Structures are given as C-alpha cells and as structure tokens.
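Derivation of every value follows stated rules applied to the coordinates shown; laboratory data play no part. These figures come from a predicted structure and were not determined experimentally. We place every Cβ from the backbone using ideal geometry, glycine too, and count neighbours over all the protein chains shown.
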C-alpha cells in the first residue's frame, strides 16, 4: 500500500460515482453516485493524511467530509420526498422544469 | 507495511471498487444498496489499515445505517418490492461513461505523475485521543461551524419534506385565528 495506489483506488471510486450521478434517472440512485464520489474523497484524504502529514488536522478534515455526506443524504431524501409529493415521481427527468 | 497487510489492502481495494461498479450494474435497487454498503465497509476497513480507527469505525457504522434508510426510501417511493423488480433507468449512458473514464484518467494520472513530497511529522501515539484534543482545542471552530450547519440541514430538510406549510395552516394572509388541520376547509395541502 502506497500513496499512489490509495489515490488510484480513490480515483476509481470517484469516477464510478461520477458515472452514476450523471447516468441514473432515479433520485436515490443519483444520491448513491454522489455518495460513491464522497467515498473516494474520504479515501484520498485519508491516504494523503497518512502518507504526507499525519497530524490531527487531517482527521478533522475527514470529519468535515463525513458531515458533508450527512448533509447530502438528508437534503437528498428531503428533495426526493418533495419531488414524490409534488410530481408523483422519483425520476430526475420529471423535474427538469420549474413550476408554481 | 507487512506483506499480509498489503494483501489485505488490495483485497479491500478490489472489493470497494467492484462493489461500487455493482451499484450501477445490478438489476434491483435493493441489491444496489447492499453493494454500496459493501463498498463503504471496504473503504472503512482501509481507513482502519491507515490507523484511522475512529474515522473508519464511524464510516462503517454511519454508512450501514444510511443504506438501511435508503432501502426504506426506495420501498416508499418505488411502490414495489425493490429486491425483485429488475430495473434499468439510465440516460446518456455512453456520454456518462466517457466522462467518468476521463475523470479517472485525469485523477489517476495526476496521482501517479505528481512527485509527492516526503512524509512530514509522525502520527501521535493515540490518534483518536489526538483527534479529540484537536476538535476540543485548536480546531474547535470547525466543529462550531459544522454543528449549526447540521442543525440548519435538519430544519431545511423538514421544511422541504413537510406537506403543510404555514400558509396552509393560517391562510394566504397568515391571519387565521386558529390553525387549520389537515383536510379542513381552506387547507391547501
């Protein structure tokens, strides 16, 4: 395990997440893509922390990324609920226009 | 790092990426949820290999619970048994694939081509304790910022998700003497 290998694995996770976030039609599946992207960010940050500067500050940054994942999940579920209530749908393609 | 730990890292790395790919390859949302949970658990285990005991454990615990919640939401919204219903709901598959491959080439190329500096400093003896001291000491402002952000997220999520707002309860001019209940005359929800 080296920094290069950890970062390549993180890049692979992030790229898979990019594919999911761009290609999926269901809101919850788009959220899964975003989660995978943040999964890659966490791994990359952990690798950089351990192999370059293992000070406590890096761990605090990881906590912030995990908090960002929490916010993304909560708001994603709220938007999915709103979309389902207002449009009777959970597809992104049904929410391409503004109304009201 | 010992050869055994190195082998464990590669096994976990392959599992995390393969499970990540499986999220968008399996034919039901329930399986996709399980695949994503496996990917997160594998990454959490890699964090444990990097001596990030606290971060690794909370990543595993949080993501397993999140996937459970996600499965409930899918059952709510899809109105079907997500474990049995095959699905393929994608758009612009080729374009997304090309972009994702491009992102991977750029990121992995950068990771391999950059001449990374040597490690500066040594990790503390007890990393979890040092994290706690940082959070309660020099990095307290970070936590003081994250805390109201999480509270604001709770409020915003509730406002978005609730079916009835104040205009539904108190009328368009917000002057109703008593709030209207769900389904009562004048309730617009």
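Worth pointing out:
- Crossing angle, helix B:93-113 versus chain B [Cα axis fit, 0-90 degrees, rounded to tens]: 40
- Annotation for residue B:65 and residue B:25: the two label points, set 7 Å from Cα along the Cα-Cβ direction, are 3.2 nm apart.
- Using a Förster distance of 41 Å, the FRET efficiency for residue A:86-residue B:143 (Cβ separation, nearest 0.05): 0.70
- For residues of B:49-61, the mean tally of beta carbons on other chains within 10 Å: 4
- Acute angle (nearest 10 degrees) that the helix B:3-23 long axis makes with the longest principal axis of chain B, alpha-carbon atoms: 30
- Normalised convex hull volume, the protein assembly as shown, alpha-carbon set, Å³ per residue: 157
- For chain B, a/c is not less than 1.5, where a ≥ b ≥ c are the root eigenvalues of the C-alpha gyration tensor, and a/b does not top b/c. That puts it in the oblate class.
- Point-to-point label distance, residue A:68-residue B:18, nm (Cα→Cβ direction, 7 Å offset): 3.0
- Chain A: angle of helix A:27-52 to the longest principal axis, Cα-based, in degrees nearest 10: 10
- Per-peptide average of other Cβ atoms within 10 Å, ordering A:64-71, B:11-18 highest first: B:11-18, A:64-71
- Computed over chain B: relative contact order in percent, which uses C-alpha pairs under 8 Å that are six or more apart: 13
- Within 10 Å of the Cβ of each residue in B:162-174, the mean number of Cβ atoms contributed by other protein chains is 1.
- For peptides B:53-65, A:20-32, sequence by mean Cβ density within 10 Å, most packed first: A:20-32, B:53-65
- Sorted by Cβ neighbour density within 10 Å, fewest at the top, the residues B:139, B:93: B:93, B:139
- Per-residue mean of foreign Cβ neighbours for B:1-8 is 1 (Cβ atoms of other chains, 10 Å radius).
- The overall shape of region A:3-89, judged from the alpha-carbon gyration tensor, is oblate: a/c is not under 1.5, and a/b is no greater than b/c.
- Compared with the alpha-carbon gap, the fully stretched path from residue B:2 to residue B:133 is longer by 44.1 nm at 0.36 nm per residue.
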